[in-house]
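Peer 1: Before I ask anything, here is the structure I am working with.
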Amino acid sequence: MQLAHLSLANFRNFTRLESDFPAGATLLVGANAQGKTSLLEAIHYLAGAASPHASSDRQLINFLALNESRPFARIAGEVRRRDRLHRVEIRLILENQTAEGEGRVKKEVLINGLKRRVRELGSTFNAVLFLPQDLRVIEGSPGERRRLLDAALAQADPTYAEAASSYAKVLAQRNALLRQLQDRGGAPDTLFFWDEQLADLGSTLIHARALALHELEQLAAPIHHALTRGAEQLRLAYQPAYNPLQDPNGQMGLPLQEAVDWTSLRRETLRSGILAALERTRQHEIARGATLIGPHRDDLRFLANSLDLRQYGSRGQARTALLAFKLAQAEWLRARSGEWPVLLLDEVLAELDAERRDDLLARVLQAQQVVLTAADLNMFSRTFREQASVWRIHGGTVEPMDG
Amino acid sequence: MYPAVPDPVERLIEAFSRLPGIGPKTASRLTFYLLRAPEAEGLELAEALQAMRRDTRLCSTCFNITSAGADPCALCADPQREAQLLCVVEEPLDVLAIERTGQYRGRYHVLHGVLSPMEGVGPEDLKLTELLKRVESEGVEEVILATNPTLEGEATAMYIKRQLEGQPLRLTRLARGLPSGGDLEYADANTLAQALAGRSEM
């Protein structure tokens, strides 16, 4: 698929932008802080309205616009998908702004002029974004890695996005109930419904995650193998907090080194397993006032040659692993929807030697559309520059450059 | 600094803005309207408010709103209404909604809320013991659970189901699906999936 046109109003440092985007490769060149990354974020936002790095949607609204009486930002795109044009528009409106600049951001999604839910965006537009600052995800908290996987799944599967948001509501209610039981005691029979829901939605999420991670690993491993010139073998290890293969009285967690095939697990098995586990931990959960079992505590680890990159990886290794994951995600989305998502790659060539750069560029050119940023145009080979549209980005404006 | 408006006016504006759906602007507009309107109009409103508080009760049977002199309420007292059929709803407004269909000839039970641990609402805060008592004493044959199809509404329906297990009665839940006059194309996937699962024989 292709983003044919992008229109921005008050998005980060872009007060206004109207720009056509060609198919194939587009190179955005510009010094730092001119809006290269923001432009990639804007395009990616159309694919799911998810703010990058858990930052608030409020920060996406241009800071000058925040002084207006009704601050808003608008991101709109024309998407070509199977030779049909679709219009996707997201409006962010800051409501009830206080003197301190606090307020709630209301999101409106329109697809072809009709109001839609946020989770329906992924059925119209897909994009995969690589940002160097996402590297910290590899060594960060489990929550950040869950977000990475959840974001990939939410774009590919609207029913996953829905199950995940219902799960979050169930979890909040269940935790509130556990805290009440902890404080005041009482019969835990009101937990019954929330247990069922937790097991129902939880097993859906675990099942989808296990399958997706398995498929992503199959795709990422050869990419990673090529990026490291055969020196490293990448594994994506799922670490579910509720481990269906574990002896109930046994130790917590599996040794990472052991490759586990989760894909043969049936959802119903997971469901009844979670219910049984909740039964076993009932008193413990009430004592702690929190839900201790379920996909909200899952982790996934990136392993290179069996070494956990969270603990032992170098910066370069983390970068390559994340890049392989993102490129695999693109192929994965393509396999599911039949069309390449738009690739958005920020400073992707940094820290790679010339040979690997050429490999990588050849690979990303397979996609229908790829937008890359660079502070230094000379990172790109002459042949690549000749194939690409080269644009200069400066102070929130974009214009073609003789390349 | 002088107050911009006298205290009694300020007080009424505040009272209005506590009402649902009314912000500070509408509250001021309503207040200044009443300030200028004939005195009788303001007093009529005040009287109506007082009478509403003074002359209404919850029906001791179904817990719907009823006038002070009429307990049990007109619905519960109506011999034409089938006592074997009991429809359980969250709020008095839901009774109104179902009555508007003109299709229901049974009785009601108003829970006054739904289970929501986050808001501190547990079974003891709803009219649940009263419901169980009615089911046992009134010869109810079918209980229709008409709580909203939200997470909390489902939780409440499921809780009631568990409480009524083993009783010799039929337990039903309102169907979910497409709105009439609706368009398949515009239905969200979840609603459509539910409509498909709950499809009926023609």
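The values are calculated or read from the model by the stated rules, or taken from the named source; none is laboratory data. Computed from a prediction, not measured in an experiment: that's the story for all the values here. In this analysis, Cβ positions are derived from the backbone assuming ideal geometry, glycine residues included, and neighbour counts consider all displayed protein chains. We work out accessible area using only protein heavy atoms, side chains counted, and drop any ligands, DNA or RNA first. Shrake-Rupley method; radii C 1.70, N 1.55, O 1.52, S 1.80 Å.
Peer 1: Sum up the charges of everything whose Cβ sits under 15 Å from the Cβ of residue A:378, counting Lys and Arg as +1 and Asp and Glu as -1, but leave residue A:378 out.
Peer 2: Residues close to residue A:378 contribute a combined charge of -1.
Peer 1: Using unit Cβ charges (K, R positive; D, E negative) and no other charged atoms, how large, in debye to the nearest 20, is the dipole of the protein assembly as shown about its Cα centre?
Peer 2: Computed charge dipole of the protein assembly as shown: roughly 680 debye.
Peer 1: Okay, moving on. Looking at the square roots a ≥ b ≥ c of the eigenvalues of the Cα gyration tensor of region A:299-403, which shape do they give, rounded for a/c under 1.5, prolate if a/b is larger than b/c, or oblate?
Peer 2: Cα axes put region A:299-403 in the prolate bin.
Peer 1: Label-point separation (nm) for residue B:71 and residue A:266, each offset 7 Å from Cα along Cα-to-Cβ?
Peer 2: 5.6
Peer 1: Right, next: Residue A:328: net charge of surrounding residues, Cβ under 10 Å, Lys/Arg +1, Asp/Glu -1, itself excluded?
Peer 2: Local net charge: -2.
Peer 1: Report, ordered by chain and residue number, the aspartates and glutamates lying within cross-link reach of residue B:25, taken as a straight Cα distance under 13 Å and ignoring same-chain residues fewer than 8 apart.
Peer 2: B:10, B:14
Peer 1: Go through region B:93-105 residue by residue and turn each phi into a ³J(HN,Hα) via Karplus (6.51, -1.76, 1.60, θ = phi - 60°); whole Hz please, and just put x for glycine and proline.
Peer 2: Result, ordered by residue: 4, 5, 4, 4, 4, 6, 4, 4, 5, x, 9, 10, 10 Hz.
Peer 1: Which listed residue (A:400, A:131, B:156) has the Cα farthest towards the positive end of the charge dipole for the protein assembly as shown, taking +1 on Lys and Arg C-beta and -1 on Asp and Glu C-beta about the Cα centre?
Peer 2: Positive-most Cα among the choices belongs to A:400.
Peer 1: Order the peptides A:66-72, A:181-187, B:178-184, A:360-366 from the highest to the lowest mean number of other Cβ atoms within 10 Å of their residues.
Peer 2: Ranking, from highest mean packing down: A:360-366, A:66-72, A:181-187, B:178-184.
Peer 1: So which lysines pass the test for residue A:106, namely a Cα distance under 18 Å, with those fewer than 8 places away in the same chain ruled out?
Peer 2: Leaving aside lysines fewer than 8 places away in the same chain, those within reach of residue A:106 are A:115.
Peer 1: May I ask for the accessible area buried between chains B and A, both sides summed, probe 1.4 Å, to the nearest 100 Å²?
Peer 2: It comes to approximately 1500 Å² buried between B and A.
Peer 1: Using +1 on the beta carbon of Lys and Arg, -1 on that of Asp and Glu, and nothing else charged, what's the dipole of region B:79-173 about the Cα centre, debye to 20?
Peer 2: 340
Peer 1: Next question. Ignoring ligands, DNA and RNA, please state the percent of accessible area on chain A from carbon and sulfur, probe 1.4 Å.
Peer 2: In chain A, the share of accessible area belonging to carbon and sulfur is 48 percent.
Peer 1: Something else: Report residue B:172's accessible area, 1.4 Å probe, all protein chains in place, as a number in Å² to the nearest 10.
Peer 2: Roll a 1.4 Å probe over it and residue B:172 shows about 30 Å².
Peer 1: Same structure again: Looking at chain B, identify the longest residue range that excludes and avoids all GluC sites (Glu not before Pro) in DSSP loops having at most 15 other Cβ atoms within 10 Å.
Peer 2: B:1-137
Peer 1: Which whole-Hz couplings ³J(HN,Hα) result when phi for each residue of region A:198-203 is put into the Karplus expression 6.51 cos²θ - 1.76 cosθ + 1.60, θ = phi - 60°, listed in order with x for Gly and Pro?
Peer 2: 4, 5, 5, 6, x, 5
Peer 1: Provide the per residue accessible area, probe 1.4 Å, for the protein assembly as shown, rounded to a whole number of square angstrom.
Peer 2: I get 51 Å² per residue for the protein assembly as shown.
Peer 1: For chain B, which whole percent of the accessible surface, found with a 1.4 angstrom probe, sits on carbon and sulfur atoms?
Peer 2: Ligands and nucleic acids excluded, carbon and sulfur give 56 percent.
Peer 1: Sticking with this one: Once label points are set 7 Å from the Cα along Cα→Cβ at both residue B:50 and residue A:362, what is their separation, rounded to one decimal in nm?
Peer 2: Using points 7 Å along Cα→Cβ, the separation is 9.1 nm.
Peer 1: Report, in debye and to the nearest 20, how large the dipole of region B:1-155 comes out about its Cα centre when Lys and Arg carry +1 and Asp and Glu carry -1 on their Cβ.
Peer 2: Dipole about the Cα centre, nearest 20: 420 debye.
Peer 1: Sorted by accessible area with a 1.4 angstrom probe, largest first, how do B:202, A:379, A:1 fall?
Peer 2: B:202, A:379, A:1
Peer 1: Report the longest stretch of chain B that contains none of the trypsin sites (Lys or Arg not before Pro) sitting in a DSSP loop with at most 12 other Cβ atoms within 10 Å.
Peer 2: That would be B:106-198.
Peer 1: Just how far, in whole angstrom, is region B:117-193 from region B:21-65 if you go by their alpha carbon centroids?
Peer 2: If we compute the Cα centre of each part, the gap is 32 Å.
Peer 1: Then there is this: How much net charge surrounds residue A:339 when only other residues with a Cβ under 11 Å from its Cβ are counted (Lys, Arg +1; Asp, Glu -1)?
Peer 2: In short, +4.
Peer 1: Sticking with this structure for a sec: Need one number: % antiparallel among DSSP beta bridges in region B:79-173, to the nearest 5.
Peer 2: For region B:79-173, the DSSP antiparallel bridge percentage is about 5.
Peer 1: Using a simple spin-label model with points 7 Å from Cα along the Cα→Cβ vector, what separation in nm is obtained for residue B:9 and residue B:105?
Peer 2: About 5.9 nm, to one decimal.
Peer 1: Run the 1.4 Å probe and let me know the accessible area of residue A:198, rounded to the nearest 10 Å².
Peer 2: Only protein atoms counted, so the area is about 0 Å².
Peer 1: Would you work out which of B:171, B:146, B:128 lies farthest towards the positive end of the dipole of region B:79-173, given +1 charges on the beta-carbon of Lys and Arg and -1 on that of Asp and Glu, about the Cα centre?
Peer 2: With unit charges placed on the Cβ atoms, the residue in question is B:171.
Peer 1: To continue, here is another question. Can you give the FRET efficiency for residue B:132 and residue A:231, using 1/(1 + (r/R0)^6), R0 = 60 Å, r = Cβ-Cβ distance, to the nearest 0.05?
Peer 2: 0.30
Peer 1: Moving on to the next point. Please name which of B:95, A:241, A:277 has its Cα lying farthest along the dipole of the protein assembly as shown towards the positive end, using unit charges on Cβ (Lys, Arg +1; Asp, Glu -1) and the Cα centre as origin.
Peer 2: Value computed over the given set: A:241.
Peer 1: In region B:133-151, what residues drop by 20 Å² or more of accessible area when the other protein chains are put back, versus the chain on its own? Use 1.4 Å, and skip ligands and nucleic acids.
Peer 2: B:151
Peer 1: Let me ask another. Can you list the lysines whose alpha carbon is less than 25 Å from that of residue A:36, not counting same-chain residues fewer than 8 positions off?
Peer 2: A:107, A:326
Peer 1: What residue among A:298, A:189, A:20 has the largest mean-square fluctuation in a Gaussian network model of chain A, using Cα springs under 10 Å?
Peer 2: Taking springs between Cα atoms under 10 Å, the residue moving most is A:189.
Peer 1: Could you tell me the largest-minus-smallest coordinate of the C-alpha atoms of chain A on each of the three principal axes, in descending order and whole angstroms?
Peer 2: 72, 57, 39
Peer 1: Right, here's the next one. Probe 1.4 Å, all protein chains in place: accessible area of residue A:262 in Å², nearest 10?
Peer 2: Its accessible surface works out to 20 Å², give or take rounding.
Peer 1: Which ³J(HN,Hα) values, rounded to whole Hz and listed in residue order, are derived for region A:383-388 from phi using the Karplus coefficients 6.51, -1.76 and 1.60 in 6.51 cos²θ - 1.76 cosθ + 1.60 with θ = phi - 60°, glycine and proline given as x?
Peer 2: Residue by residue, region A:383-388 yields 4, 5, 4, 5, 7, 9 Hz.
Peer 1: Okay, next question. Between residue A:288 and residue B:37, how high is the FRET efficiency from 1/(1 + (r/R0)^6) when r is the Cβ-Cβ distance and R₀ = 51 Å? Nearest 0.05.
Peer 2: 0.30
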